[in-house]
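Novice: Below are the structure tokens for one structure; questions will follow.
The values are calculated or read from the model by the stated rules, or taken from the named source; none is laboratory data. In this text, all values refer to a predicted model and were calculated from it rather than measured experimentally. We place every Cβ from the backbone using ideal geometry, glycine too, and count neighbours over all the protein chains shown.
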Amino acid sequence: MSVVLEIRNLHVSVDEKEILKGVDLTVREGEVHALMGRNGSGKSTLAYAVMGHPSYEVTEGEILFNGENVLEMEADERSRAGLFLAFQYPTAIPGVTVANFLRAALNARRKAVDPQDKGISIPEFRKLLMAKMNFLKVDPSFAGRYLNEGFSGGEKKRAEILQMAVLDPRIAILDETDSGLDIDALRVVAEGINSLIGPKLGVLVITHYEQFLNYIKPEFVHVMFQGRIVEEGGFDLAEKIQEQGYDWVAEKYAALEGK
Amino acid sequence: MTVRTRNKTNAPLLTRQDVEALSAAKNEPSWLTEARLAAWDLYTMTPMPTLQIEEWRRSDYTTIRWESASPIQHGSSAGKEAIPPETLAPLIGEAQGGLIAAVDGRIVHNELDESIRKQGVIFTDLDTAVREHGELVRRNLMTKAVKPDEGKFASLHAALWTHGIFVYVPRNKVVELPLHSVFYNTRSGMSLGHVVIVLEEGAQLTLLQEYLSAEGQDHMSYVGMTELVVGANANLRYVALQDWARNVYDFRHERARVAQDGQLDWIIGTMGAHFTKQFAEIEIDGSGAWARMSGLFFADADQFMDHDTQQNHNAPHTTSDLLFKGALKDSARTVWQGMIKAMPGAQKTNGFQANRNLLLSRDSRADSIPGLEILTDDLRCTHAATVSRLEDEPVFYLESRGLPKSESERLLVLGFFDPIMQRIPFAEVRDRLGAHIEQKLAHVAELA
């Protein structure tokens, strides 16, 4: 049975203000979805709410992961269950190297399965990390740098994808992983993502640019407007937005404005 | 209701006879006995510091019970085996240039690699140095770096120091292997340890000094002094780690002098004791000299730690760089007060100081008091002081990768200390210190 993330009638508020007004979305392992929409339409809110950020309050609806109620899980439990969020603005973690952080994250997974687990051995971990870095064409010096501290935009995004590769999630949400990247960095990051996409990984790519989608080629495209998903389709929907922009969406759903 | 008996005068219960008896027991030369007695006179003329004195304003040591913290510790039956073996382990792989260990003020181990001895390096306990290198000791003991008249505890130390190490590296000699000294205590009473390190021109040395003690109920006092004399173009890396048991009150005066083009890398770690008051000062005497002071402290339970630092630029074209990082939990309190002074004529000076404090509990409190005193122009000085808590965003970021909250916080605190940890050049010492930080953190989790 394939792993599935189901979002049903999700309402989310931030500081008492309702941002998501009933979102339904289902992502299965092996599928590639794109969530598009203008700035402020609620895409990132959906990502944070799924991951369990404490500032995002779910007021109605449900999120199920493999049939389990995600809303009852802490963020770390969601991660260990197989959910992953690539942040739009990854936080700098001063004093913690990429390698030490990833080892701690892997060990937390092992400990959750077996509290007696002594953790991955350093040689075994080094081998794993080197393999993943090679695979994603990440410079080995990355491992010894403090996580995201002083990283360029492209390095931060690559570090997110490296984390995804090491943690091996079932469903990943990539929140504007394309933003702030020049064309070369964009290609490198997209190739990294493409190399991870497969039958064991479902992806929800959040973007408001189409360029990125030309690399990723999603099979399912969802358009968000005013906290709701208003249009759904295949890759042709992304192409339509590429040609026509979002004005037609705003016109068509003008009735939802402010509701 | 418990009634705590306190010494009315709140001063150590010591007399001139204690000085005479100690000097006689050590069979010291008359110059030293006289120096001790002169210091004793100074001591009796100096009042005990009170909260009315600026540099003691936040440092209330009056909870100390001098009945148990006064008797001079000058040897006991405890030997080297009392010291935790991991403390005595070699600093780099199997190698260690030399090891001196003192237990209860008595030297129990004194060893220096033959190849280093052949370089003319002296690394021995202070009593032996007085006997074998009297003139050299006399020229350097409390004459250059710290003087007996600097305060009540400095004169007390000068009168009654119980043990110490004397390190001397001749001109242009480079000591490749690190030296290691451990002051350990098993009993209450007063212990007065002394560190003197003298590097002649062009000499190089790395030394680790550790302070530890066995758990105990009765109060113990440590009244210490450290003197670091770095010659022209010499290079000293000095790491001092304090991990006394919680019955200890630590009073220390420490100063380094750095001559022209000399380099000093001084690392201070404070983890233990109930009460710590440490004066640590750098005098940059020669142009081109560079001095860095790094501090790491972690106070928990009802610990109090006060680090009082000075960076005095006495010559032009000098650099000093200070960074103290501290974490606090439970109802711990810490103070850091630092001063950069640029004396007249000290142009082209670079002076930096920063103190970063991380509060891990509601009831902890960190005071951070930077200061600049600039008596010249054309220089660059910066200072920064912050007191903050763990931020939500980094914690969430780590949690979103599967790390439980407590584990996320552990990683962030270790990360907070990491830049200072990386300046400690001994992997095993770093591991020991890291484990200790984790122990203190784990205790938070139990309470929460």
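Novice: Output the residues belonging to the stretch B:290-305 that are part of a strand (DSSP E or B) and surrounded by fewer than 23 Cβ atoms within 10 Å (Cβ to Cβ).
Specialist: Residues of the stretch B:290-305 that are part of a strand (DSSP E or B), as a first pass: B:290-299, B:304-305.
Listed by number, the residues that qualify are B:Trp290, B:Arg292, B:Ser294, B:Phe304.
Novice: Can you find a residue that is surrounded by 13 or more Cβ atoms within 10 Å (Cβ to Cβ), at the interface with chain B (Cβ under 9 Å from one of its Cβ atoms) and modelled with pLDDT of 95 or more anywhere in the stretch A:132-147? Outline the logic, then answer.
Specialist: Step one: of the stretch A:132-147, the residues surrounded by 13 or more Cβ atoms within 10 Å (Cβ to Cβ) are A:132-133, A:135-136, A:138, A:142-143, A:145-147.
Narrowing further to those that are at the interface with chain B (Cβ under 9 Å from one of its Cβ atoms): A:146-147.
Still in the list and also modelled with pLDDT of 95 or more: A:146-147.
Among the residues of the stretch A:132-147, at least one is surrounded by 13 or more Cβ atoms within 10 Å (Cβ to Cβ), at the interface with chain B (Cβ under 9 Å from one of its Cβ atoms) and modelled with pLDDT of 95 or more, which makes the answer yes.
Novice: Name the residue that is surrounded by the most Cβ atoms within 10 Å (Cβ to Cβ), counting only residues in the stretch A:85-94 that are among the aliphatic types (A, V, I, L, M) and facing chain B (nearest Cβ under 7 Å). Give the derivation first.
Specialist: Taking the stretch A:85-94 as the starting set, the residues that turn out to be among the aliphatic types (A, V, I, L, M) are A:85-86, A:92-93.
Among the residues that remain, those that are also facing chain B (nearest Cβ under 7 Å) are: A:85, A:93.
On the way: A:Leu85: 28, A:Ile93: 23.
It comes out as A:Leu85.
Novice: Now for a separate question. Can you list the strands (runs of 3 or more DSSP E) lying wholly within the stretch A:3-84 that have 1 or more residues being closer than 28 Å to A:Leu102 by Cα, touching a Phe, Trp or Tyr at 6+ places or on another chain (Cβ under 9 Å) and more than 14 Å from chain B (Cβ to nearest Cβ)? Give the derivation first.
Specialist: Working: elements: A:4-14, A:17-28, A:32-36, A:56-65.
Filter on the stretch A:3-84 gives A:4-14, A:17-28, A:32-36.
Novice: Could you tell me whether B:Ser361 is polar (S, T, N, Q) and either outside any loop (DSSP other than H, G, I, E, B) or within 24 Å of the chain's Cα centre (by Cα) (or both)? Walk me through how you get there before you give the answer.
Specialist: Details: polar (S, T, N, Q): yes; either outside any loop (DSSP other than H, G, I, E, B) or within 24 Å of the chain's Cα centre (by Cα) (or both): no.
Spelling it out, it is not the case that B:Ser361 is polar (S, T, N, Q) and either outside any loop (DSSP other than H, G, I, E, B) or within 24 Å of the chain's Cα centre (by Cα) (or both).
Novice: Identify the single condition in (1) over 15 Å from the mean Cα position of the chain (by Cα); (2) under 19 Å from B:Pro84 (Cβ atoms) that B:Val174 does not satisfy, given that it satisfies every other one.
Specialist: Checking B:Val174 against (1) over 15 Å from the mean Cα position of the chain (by Cα); (2) under 19 Å from B:Pro84 (Cβ atoms), the one that fails is (2).
Novice: Which one of these is buried (at least 22 other Cβ atoms within 10 Å of the Cβ) and touching a Leu at 6+ places or on another chain (Cβ under 8 Å): B:Ala159, B:Ala154? Give the steps one after another, and end with the answer.
Specialist: Details: B:Ala154 fails: touching a Leu at 6+ places or on another chain (Cβ under 8 Å).
On inspection, the qualifying residue turns out to be B:Ala159.
Novice: Please work out if A:Thr97 is away from every other protein chain (no Cβ under 14 Å) and among the polar types (S, T, N, Q).
Specialist: Values: away from every other protein chain (no Cβ under 14 Å): no; among the polar types (S, T, N, Q): yes.
So A:Thr97 does not fit the description; no.
Novice: Another question, then. Look at B:Ser287 and say whether it is surrounded by fewer than 21 Cβ atoms within 10 Å (Cβ to Cβ), modelled with pLDDT under 95 and over 21 Å from the mean Cα position of the chain (by Cα). Please lay out each step first, then the result.
Specialist: Details: surrounded by fewer than 21 Cβ atoms within 10 Å (Cβ to Cβ): yes; modelled with pLDDT under 95: no; over 21 Å from the mean Cα position of the chain (by Cα): yes.
Considered against the rule, which asks whether it is surrounded by fewer than 21 Cβ atoms within 10 Å (Cβ to Cβ), modelled with pLDDT under 95 and over 21 Å from the mean Cα position of the chain (by Cα), B:Ser287 comes out as no.
Novice: Run B:Gly345 past the list (1) touching a His at 6+ places or on another chain (Cβ under 6 Å); (2) modelled with pLDDT under 95 and report the number of the one that doesn't hold.
Specialist: Exception for B:Gly345: condition (1).
Novice: Going through the stretch A:23-58 one residue at a time, which ones are at positive phi and touching a residue at least 40 places away in the same chain (Cβ under 8 Å)?
Specialist: First, pick out the residues of the stretch A:23-58 that are at positive phi: A:30, A:37, A:40, A:42, A:52.
Correct list: A:Gly30, A:Gly37, A:Gly42.
Novice: Note down all Cβ pairs under 8 Å where the first residue falls in the stretch B:80-91 and is over 12 Å from B:Leu212 (Cβ atoms), the second is assigned to a loop (DSSP other than H, G, I, E, B), and they're at least six residues apart or on different chains.
Specialist: Taking only residues 6 or more apart or on different chains, the pairs are B:Pro90/B:Gln96; B:Leu91/B:Pro178; B:Leu91/B:Phe426.
Novice: Among the candidates A:Ala47, A:Ala105, single out the residue that is closer than 29 Å to B:Met421 by Cβ and not acidic (Asp, Glu). Full working, then the answer.
Specialist: Numbers: A:Ala47 fails: closer than 29 Å to B:Met421 by Cβ.
Step by step, each of A:Ala47, A:Ala105 is checked, and only A:Ala105 is closer than 29 Å to B:Met421 by Cβ and not acidic (Asp, Glu).
Novice: Okay, moving on. Being basic (Lys, Arg) and surrounded by fewer than 18 Cβ atoms within 10 Å (Cβ to Cβ) is the filter here; which residues of the stretch B:318-362 pass it? Working first, answer last.
Specialist: In the first step, residues of the stretch B:318-362 are kept if they are basic (Lys, Arg); the result is B:325, B:329, B:333, B:341, B:348, B:356, B:362.
Those that are basic (Lys, Arg) and surrounded by fewer than 18 Cβ atoms within 10 Å (Cβ to Cβ): B:Lys348, B:Arg362.
Novice: Tell me the residue from B:Leu441, B:Leu414 that is surrounded by 14 or more Cβ atoms within 10 Å (Cβ to Cβ), within 14 Å of chain A (Cβ to nearest Cβ) and under 16 Å from A:Pro94 (Cα atoms), please.
Specialist: Answer to the selection: B:Leu414.
Novice: Does the stretch B:13-31 contain any residue that is modelled with pLDDT of 95 or more, surrounded by 19 or more Cβ atoms within 10 Å (Cβ to Cβ) and within 22 Å of the chain's Cα centre (by Cα)?
Specialist: Within the stretch B:13-31, none of the residues are modelled with pLDDT of 95 or more, surrounded by 19 or more Cβ atoms within 10 Å (Cβ to Cβ) and within 22 Å of the chain's Cα centre (by Cα).
Novice: Which condition number in (1) touching a helix residue (DSSP H, G or I) at 6+ places or on another chain (Cβ under 9 Å); (2) more than 8 Å from chain A (Cβ to nearest Cβ); (3) buried (at least 17 other Cβ atoms within 10 Å of the Cβ) is the one that B:Glu391 fails?
Specialist: Answer for B:Glu391: the failing condition is (3).
Novice: Something else now. Within the stretch B:126-166, can you find the residues that are free of Cβ contacts under 8 Å to residues at least 60 places away in the same chain and of a type in the set (Val, Ile, Thr)?
Specialist: Passing the criteria: B:Thr128, B:Val137, B:Thr143.
Novice: Is it fair to say A:Leu237 is assigned to a helix (DSSP H, G or I) and surrounded by fewer than 22 Cβ atoms within 10 Å (Cβ to Cβ)? So that I can check it myself, show each step before the final result.
Specialist: Details: assigned to a helix (DSSP H, G or I): yes; surrounded by fewer than 22 Cβ atoms within 10 Å (Cβ to Cβ): yes.
In short, yes.
Novice: Same structure, new question: Which one of these does B:Ala273 not meet: (1) closer than 27 Å to B:Ala154 by Cβ; (2) out of contact with any Asp or Glu (no Cβ under 7 Å at 6 or more places or on another chain); (3) among the hydrophobic types (A, V, I, L, M, F, W, C); (4) crowded, with 18+ Cβ neighbours inside 10 Å?
Specialist: For B:Ala273, the failing item is (2).
Novice: Taking the stated definitions as given, is B:Asp113 surrounded by 15 or more Cβ atoms within 10 Å (Cβ to Cβ), under 30 Å from B:Pro170 (Cβ atoms), touching a Leu at 6+ places or on another chain (Cβ under 8 Å) and acidic (Asp, Glu)?
Specialist: When the stated conditions are applied, B:Asp113 passes them.
Novice: When you scan the stretch B:296-331, how many residues do you find that are under 16 Å from B:Tyr211 (Cβ atoms) and touching a helix residue (DSSP H, G or I) at 6+ places or on another chain (Cβ under 7 Å)?
Specialist: Residues that pass the stated criteria total 2.
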